[in-house]
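**Student:** What follows is a structure written as structure tokens; I'll ask about it next.
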Amino acid sequence: MPAPTLPAPSAPVPVATAPPGSPYAPQATALLADTVHGTVARQAAAFPHRTAVRAHDATLTYTALDRRANHLAHRLRALGVREGDTVAVCLEPSARQVTALLAVLKAGGAYLALGPGEHPRGGDRAALLRNTGARAVVTQELFAGDWNETIPTLLLGPTTVPAPLGAVPPATGVPAHGPAYVLPVTGPASAPWGVCVPHKALTALAEDARFLPVRPGDVALSAYGPDGGSALGLWAPLMAGAQLLIAPRGLGPRELATLIREERVTVARLGAPAFREMAGEGLAALKGLRCLVVTTASLSSEELSLVRRELPRTLLVETVTL
């Protein structure tokens, strides 16, 4: 089957190099292709003081997110991570998690996001890591005991550590068609494996804006991690220069509705089951939304009428994406 036609990549942007002798200086001047991390880096250069991520553990500007991810990317390179390598990331939804995922991309790798309490254990997990060629694991102390595989492990502290001012990304040559993340796949009679999703798939979907129309001034809710939800829901806001709000794991529909109202969220991506539970108590808390994206199942005609009646100014998008 021929590959789908995707938008042509924009012109690459040079990455500033650190002062001579800096431990963070790359070996050569890098050019950012039309990649996820390259697009986020351009937002950091254009809007350094704009809030990028808000979560229970930290609020990061685009500059802070970029520098901390650069710093962590060098640590991953020191572990042996190179272009095209898979790096498993097992962290709770947090600013630390977003930083780690971005760092994997900046190190040239593709992340395999494993949600705490959801990732396979024992032989299945070992098979997943082996079949995806995982080169390293990034996790936190709470889950460190789950990782007994003989694979280099990077243990992150409870908060993202501020990076040196001179931290710049490693010099990597990741092309737009290179892998950005690995989507775990399991079958009833087969060992778990993974499907590589390229950078250009995410950047093209974000530019298309039909699946998640995010604008620079938006506050976009990420109600679940990239393992159980959508990679597009995580990266589209950051590639657009918007603010990403990370909801703590385990919030029910009522708590999510309260969060949406109190944090003045303008774009929310919700699974159909969560939306239906919210709808059972009314949609008043969602009236501040500019866009509501409902995934995993189509809404009934009655539910569509409810949205039109209670959220007349809200754009409704129904989709299933990466």
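The values are calculated or read from the model by the stated rules, or taken from the named source; none is laboratory data. Every value quoted in this text rests on a predicted model; they were computed, and no experiment measured them. Virtual Cβ from ideal backbone geometry, glycine too; neighbours counted across all protein chains shown. We work out accessible area using only protein heavy atoms, side chains counted, and drop any ligands, DNA or RNA first. Shrake-Rupley method; radii C 1.70, N 1.55, O 1.52, S 1.80 Å.
**Student:** May I ask you to list the residues in segment 50-67 that are open to solvent by 10 Å² or more (accessible area, probe 1.4 Å) and either closer than 19 Å to Ala134 by Cβ or in a strand (DSSP E or B) (or both)?
**Tutor:** Going through segment 50-67, the residues open to solvent by 10 Å² or more (accessible area, probe 1.4 Å) turn out to be 50-51, 54-59, 61, 63-64, 66-67.
Within segment 50-67, Thr51, Arg54, Thr59, Thr61 qualify.
**Student:** Further, regarding this structure: For Glu255, state whether it is open to solvent by 20 Å² or more (accessible area, probe 1.4 Å), acidic (Asp, Glu) and farther than 20 Å from Val40 by Cβ. Steps first, please.
**Tutor:** Working: open to solvent by 20 Å² or more (accessible area, probe 1.4 Å): yes; acidic (Asp, Glu): yes; farther than 20 Å from Val40 by Cβ: yes.
So Glu255 passes the test.
**Student:** Under 9 Å between Cβ atoms, at least 6 apart or on separate chains: pull out the pairs that start in segment 214-227 with a residue that is under 17 Å from Gly288 (Cα atoms) and of a type in the set (Asp, Glu) and end on any residue that is in a loop (DSSP other than H, G, I, E, B) and modelled with pLDDT of 95 or more.
**Tutor:** Correct list of pairs: Asp218/Ala240; Asp218/Ala242; Asp218/Val265; Asp218/Thr266; Asp218/Arg290.
**Student:** Within the group Gly217, Gly280, Gly233, Gly250, which residue is within 19 Å of Ala95 (Cβ to Cβ) and open to solvent by 60 Å² or more (accessible area, probe 1.4 Å)? Let's see the steps before the verdict.
**Tutor:** On the way: Gly217 fails: within 19 Å of Ala95 (Cβ to Cβ); Gly280 fails: within 19 Å of Ala95 (Cβ to Cβ); Gly233 fails: open to solvent by 60 Å² or more (accessible area, probe 1.4 Å).
Result: Gly250 is the single residue among Gly217, Gly280, Gly233, Gly250 that is within 19 Å of Ala95 (Cβ to Cβ) and open to solvent by 60 Å² or more (accessible area, probe 1.4 Å).
**Student:** Kindly indicate which of Thr61, Thr17, Thr29 is modelled with pLDDT of 95 or more and of a type in the set (Ser, Thr, Tyr). Step through it out loud before you land on a result.
**Tutor:** Working: Thr17 fails: modelled with pLDDT of 95 or more; Thr29 fails: modelled with pLDDT of 95 or more.
Residue meeting the stated conditions: Thr61.
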